[in-house]
Amino acid sequence: MNPPKLSVFLLKSCLFVLSLGLLGLAGYAIPTLLNGIKSSIIFEKPGYVVLIVAYIALIPLLASIFHGFRILSAFTKSQDAAIRISSSSNSIKKAFLVIAVLAISILPVFFYIGQLDDAPGLVLVGISIVIIPLAISAFFNCTQYMMKKHIVTS
């Protein structure tokens with residue numbers, strides 16, 4: 001079970017570029033959030049609430065990317081790889097559950113903005129933001145179950 005080093009390097013570089021992109025987006029939106037705090041309209045406009053929740057959701061997302069790095073480095077080191085991969089996939093599953101709970105908490109904001117602007121498509125965007133982390137969490141749950149089953153049979 002030793003994957004080619006080029007594949008692992010490619011996946012690690014993709015995770016690195018993804019984390020840099022997320023941090024870049026976070027850095028780009030900080031002035032918008034600071035302007036909202038300065039002008040005291042942070043809770044009057046619902047977009048700022050969505051932005052604050054997105055910053056809170058960034059923390060478990062970056063933690064899951066870190067655990068993705070741990071999984072990829074466990075592939076290159078064959079000792080205790082199954083235990084590290086199982087614990088990291090469990091952490092990723094929990095991180096995406098936290099992101100899904102945060103997305104559920106801002107779903108009423110999407111409904112409010114959708115009614116205010118008469119944009120029913122925005123409600124569908126809010127629902128998809130809830131469903132995507134739940135699907136990723138379910139994927140890692142199935143992966144963890146298959147790994148446990150594989151370890152027991154091996």
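The values are calculated or read from the model by the stated rules, or taken from the named source; none is laboratory data. As the structure is a computational prediction, the values presented were derived from the model and not from experiment. We place every Cβ from the backbone using ideal geometry, glycine too, and count neighbours over all the protein chains shown. Surface accessibility is based on the protein's heavy atoms, side chains included, excluding ligands, DNA and RNA. Shrake-Rupley method; radii C 1.70, N 1.55, O 1.52, S 1.80 Å.
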For the charge dipole of region 1-110, defined by +1 on Lys and Arg C-beta atoms and -1 on Asp and Glu C-beta atoms about the Cα centroid, which residue among Ile42, Leu107, Ile92 has the Cα displaced farthest towards the positive pole? Ile92
Label region 6-74 by shape, choosing from rounded, prolate and oblate, from the square roots a ≥ b ≥ c of the eigenvalues of the Cα gyration tensor; if a/c is under 1.5 it is rounded, and otherwise prolate applies when a/b is larger than b/c, oblate when it is not. prolate
Any chance you could run the full-extension gain for Tyr55 through Phe69? It's 0.36 nm times the residue separation minus the Cα-Cα distance, nm to one decimal. 2.9 nm
Gap in Å between the Cα centre of region 1-50 and the Cα centre of region 132-150? 25
The chain - accessible surface per residue (Å², probe 1.4 Å): 65
Axial C-alpha extent at least 30 Å, average Kyte-Doolittle at least -1.0 - helices from the chain (DSSP): 5-38, 46-76, 81-105, 120-153
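Return the carbon/sulfur percentage of the accessible area of region 1-137, one whole number, probe 1.4 Å, all protein chains in place.
Whole-percent figure for carbon plus sulfur exposure: 75.
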If only Cα atoms are counted, what is the Rg of the chain, and what is its Dmax, in Å? 18.9, 62
Size of electric dipole in the chain: Cβ of Lys, Arg +1 and of Asp, Glu -1, about Cα centre, debye, nearest 20: 760
What percent do you get for the relative contact order of the chain when only Cα pairs under 8 Å and 6+ apart count? 23
Region 55-135 - Rg (one decimal) and Dmax (whole number), Cα, Å: 16.8, 57
